[in-house]
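A.B. asks: Here's a structure for you.
Since every read-out is calculated from the coordinates, none of them should be taken as a lab result. The shown structure was predicted, so the numbers you read here are calculated from the model rather than taken from an experiment. Glycine also receives a Cβ, built like all others from the backbone with ideal geometry; neighbour counts cover every protein chain displayed.
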Amino acid sequence: MVTVVERPVEIDAIAAARNALDSVVDPELPVLTIADLGILRDVRLGDDGTVEVIMTPTYLGCPAIGIIAIEIEVALERAQIKKYRVIVQNSPAWTTDWLSEGAREKLRACGIAPPAKTSSSKRALFAVDAALCPICRSDRTERVSEFGSTACKALYRCLSCREPFDCFKCI
Amino acid sequence: MPIDPQVHFGYLLRLADSNLVLGHRLSEWIGRAPVIEEELALANIALDLIGQARALYAHAARIGGGGRDADALAFLRDQIDYRNLLIVENKNRDFAHTIARQFLYSAFAELYWDALTASRDTELAGIAVKAVKECAYHVRHSAEWLIRLGDGTQESNNRAQKAVDELWMYTGEMFESDQIERAVLDAGIGVIAIDLKPAWNETVEPVLMRATLQRPKDGWMMSGGRSGRHTEHLGHMLAEMQFLQRAYPGQQW
């Protein structure tokens with residue numbers, strides 16, 4: 001005889017959705033999940049029982065927004081969530097401060113210099129000139145171009161180990 | 001003070017239109033830029049501007065789009081319905097012209113977005129917080145180039161000066177005021193652009209000086225973009241930009 005413990009369906013749906021979303025990564029930075037990046041803002045239950053996933057793009061023009069939204073939907077489908085809605089929300093605006101400490105380490109490990117610590121003041125925006133080389137940790141680096149392979153990165157070069165590298169912009 | 005949704009919609013549309021049109025102009029450089037890094041930079045700036053426009057169109061559509069979405073607003077409106085500033089629709093000429101246009105506009109846009117971060121329209125304020133940081137990069141990048149060109153060779157100096165001279169008559173429109181602007185100001189949503197003029201001068205003048213370029217005198221200024229009176233350039237641009245949606249309505253990637 002099996003005893004079925006009834007749990008509210010809603011709580012299960014949210015937990016299952018959160019669990020499923022742990023596998024969704026940024027297509028341009030596949031070492032980071034959307035939770036690591038801080039672009040997954042909330043998973044909640046809407047008024048009509050729909051699971052609502054709130055995401056905030058790193059850049060307004062980030063071309064990955066559409067793909068990430070689709071990947072979220074695929075993950076929710078796999079988790080057999082029946083009713084869901086992905087909401088792109090621009091306010092409050094995403095900042096590099098929302099990157100988790102683990103995310104910064106993961107970025108470094110794959111050769112991308114993490115952004116300077118705070119973007120709350122406009123002065124700090126451009127303080128990344130002292131980007132540390134993610135390979136040899138030297139501070140003898142120079143900016144090659146303000147604009148790199150994706151909208152959120154700038155291109156740098158290490159003057160010690162000569163390795164070119166991407167630096168996550170402080171925004 | 002509550003605001004008429006159509007006025008609010010119209011205000012968002014003019015911000016969106018300027019960004020989309022300039023973003024499209026920059027994207028026309030892809031495959032033609034002088035060096036690969038600059039090609040990436042122009043494409044990146046274009047992406048930022050189009051992204052800002054997309055967020056604004058989506059927001060505008062929710063407020064007063066009458067069932068139209070962001071794509072419909074971008075691809076299915078005619079030239080006379082576009083509300084962008086005339087400076088951004090100017091067709092691409094040489095690289096100096098593109099850089100000067102970017103600098104004069106971005107110096108304005110950065111100040112404008114900064115002021116909009118205090119908007120009572122929280123979605124607009126959120127977009128502004130993002131956009132002002134993106135714009136800071138655009139200003140710095142275009143200023144660095146303008147200085148390099150102006151203070152470069154005789155040829156690059158001539159071209160940069162010619163570009164600034166030709167574009168100057170389009171800068172007055174950025175600071176014009178009208179009924180829509182006053183209505184959004186009263187509602188705590190918008191900004192009075194003329195208040196930004198001193199700060200704009202403080203950004204622009206030192207860069208022109210370092211670039212050894214003459215600041216043109218404020219003479220007669222072109223105007224009309226905000227009432228749908230455009231130069232001949234916009235229609236040609238829209239014809240190309242909107243072609244696919246016009247020829248194959250509803251097509252999707």
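A.B. asks: Could you pull out every residue, at least 5 positions away or on a different chain, whose amide H is within less than 5 Å of the one on A:VAL144? Hs are placed 1.01 Å off N in the peptide plane, and Pro or chain starts have none.
C.D. replies: Here the answer is A:LEU155, A:TYR156, A:ARG157, since their amide H atoms fall under 5 Å of that of A:VAL144.
A.B. asks: Sticking with this one: In degrees from 0 to 90, rounded to the nearest 10, what is the angle of the helix B:154-168 Cα long axis to the longest principal axis of chain B?
C.D. replies: Tilt of helix B:154-168: around 30 degrees.
A.B. asks: Another one. Would you calculate the separation in nanometres between label points at B:GLN154 and B:ALA199, each defined as 7 Å from the Cα along the Cα-to-beta-carbon direction?
C.D. replies: Between B:GLN154 and B:ALA199, the label points sit 4.2 nm apart.
A.B. asks: For chain B, set up a Gaussian network in which alpha carbons nearer than 10 Å are linked by springs, and say which option among B:LEU49, B:LEU76, B:LEU116 fluctuates the most.
C.D. replies: Maximum among the listed residues: B:LEU76.
A.B. asks: Also, I was wondering about something else. Taking chain B as the reference, fit the longest principal axis to its C-alpha atoms, fit the long axis of helix B:36-64 to the helix C-alpha atoms, and give the angle between the two in degrees, 0 to 90, nearest 10.
C.D. replies: 20 degrees
A.B. asks: Here's a follow-up. What order do you get for B:LYS130, A:LYS169, B:LYS197, A:LYS82 when you list them from fewest to most C-beta neighbours inside 10 Å?
C.D. replies: In increasing order of surrounding Cβ atoms, one gets A:LYS82, B:LYS197, A:LYS169, B:LYS130.
A.B. asks: Would you list B:MET222, B:MET209, A:MET55 from fewest to most Cβ contacts within 10 Å?
C.D. replies: Lowest count first: B:MET209, B:MET222, A:MET55.
A.B. asks: Right, here's the next one. For the range B:205-217, in order, what is each residue's ³J(HN,Hα) by Karplus, 6.51 cos²θ - 1.76 cosθ + 1.60 with θ = phi - 60°, in whole Hz (x at glycine and Pro)?
C.D. replies: Using θ = phi - 60°, the values come out as 4, x, 5, 4, 5, 5, 7, 6, 10, 7, 7, x, 6 Hz.
A.B. asks: On to the next question. Let me know the Kirkwood hydrodynamic radius for chain B, please, with Cα pairs as the basis and the value in Å to one decimal. Write down the numbers at each step before the final one.
C.D. replies: Values: mean 1/r = 0.0540 Å⁻¹.
So the Kirkwood estimate lands at 18.5 Å.
A.B. asks: As a test of understanding, state the convex hull volume per residue of the range B:156-213 from its alpha carbons, in Å³.
C.D. replies: 78 Å³
A.B. asks: Follow-up. Based solely on C-alpha atoms, express the radius of gyration and the Dmax of chain A in angstrom.
C.D. replies: 19.1, 71
A.B. asks: Given 5 Å bins starting at zero, what is the percent of C-alpha pairs of the range B:187-253 in each, up to the one with the largest pair distance?
C.D. replies: 3, 10, 11, 13, 13, 14, 14, 9, 7, 5, 0
A.B. asks: Additional query: Past 21 Å, Cα to Cα: identify those pairs from A:LYS106/A:LYS169; A:LYS153/B:LYS91; B:LYS91/B:LYS130; A:LYS169/B:LYS130; B:LYS162/B:LYS197, in the order given. Write down the numbers at each step before the final one.
C.D. replies: On the way: A:LYS106/A:LYS169 16 Å; A:LYS153/B:LYS91 29 Å; B:LYS91/B:LYS130 28 Å; A:LYS169/B:LYS130 13 Å; B:LYS162/B:LYS197 23 Å.
With Cα atoms farther than 21 Å apart: A:LYS153/B:LYS91; B:LYS91/B:LYS130; B:LYS162/B:LYS197.
A.B. asks: Give the value in nm², to one decimal: projected area of the alpha carbon convex hull of the protein assembly as shown, averaged over all directions.
C.D. replies: Projected area, direction-averaged: 24.6 nm².
A.B. asks: Given the options A:LEU40, A:LEU76, A:LEU60, which has the most mean-square fluctuation in a GNM of chain A, springs set between C-alpha atoms less than 10 angstrom apart?
C.D. replies: A:LEU60
A.B. asks: Which whole number gives the average, over all residues in B:41-49, of C-beta atoms from other chains lying within 10 Å of the residue C-beta? Kindly include the intermediate steps, with their values, before the conclusion.
C.D. replies: Values: counts 6, 1, 2, 12, 4, 1, 8, 6, 2.
Neighbouring Cβ atoms belonging to other protein chains average 5 per residue here.
A.B. asks: Quick one: helix B:232-241 against the long Cα principal axis of chain B, what's the angle to the nearest 10°, folded into 0 to 90?
C.D. replies: Computed tilt is about 70 degrees.
A.B. asks: Taking only Cα atoms and a 10 Å spring cutoff, compute GNM fluctuations for chain A and point out the largest among A:SER100, A:SER91, A:SER23.
C.D. replies: Between A:SER100, A:SER91, A:SER23, it is A:SER91 that shows the largest mean-square fluctuation.
A.B. asks: Roughly how crowded by other chains is peptide A:136-148, in terms of the mean Cβ count from those chains within 10 Å of each of its Cβ atoms? Before the final figure, lay out the partial values.
C.D. replies: Values: counts 0, 0, 0, 0, 0, 0, 0, 0, 1, 8, 10, 13, 4.
Mean partner-chain Cβ count within 10 Å for A:136-148: 3.
A.B. asks: Something else now. Please give the calculated 222 nm ellipticity per residue for chain B, where each DSSP H segment of at least 4 residues contributes -39500 (n - 2.57) and the sum is spread over every residue; nearest 500 deg cm²/dmol?
C.D. replies: -21500 deg cm²/dmol
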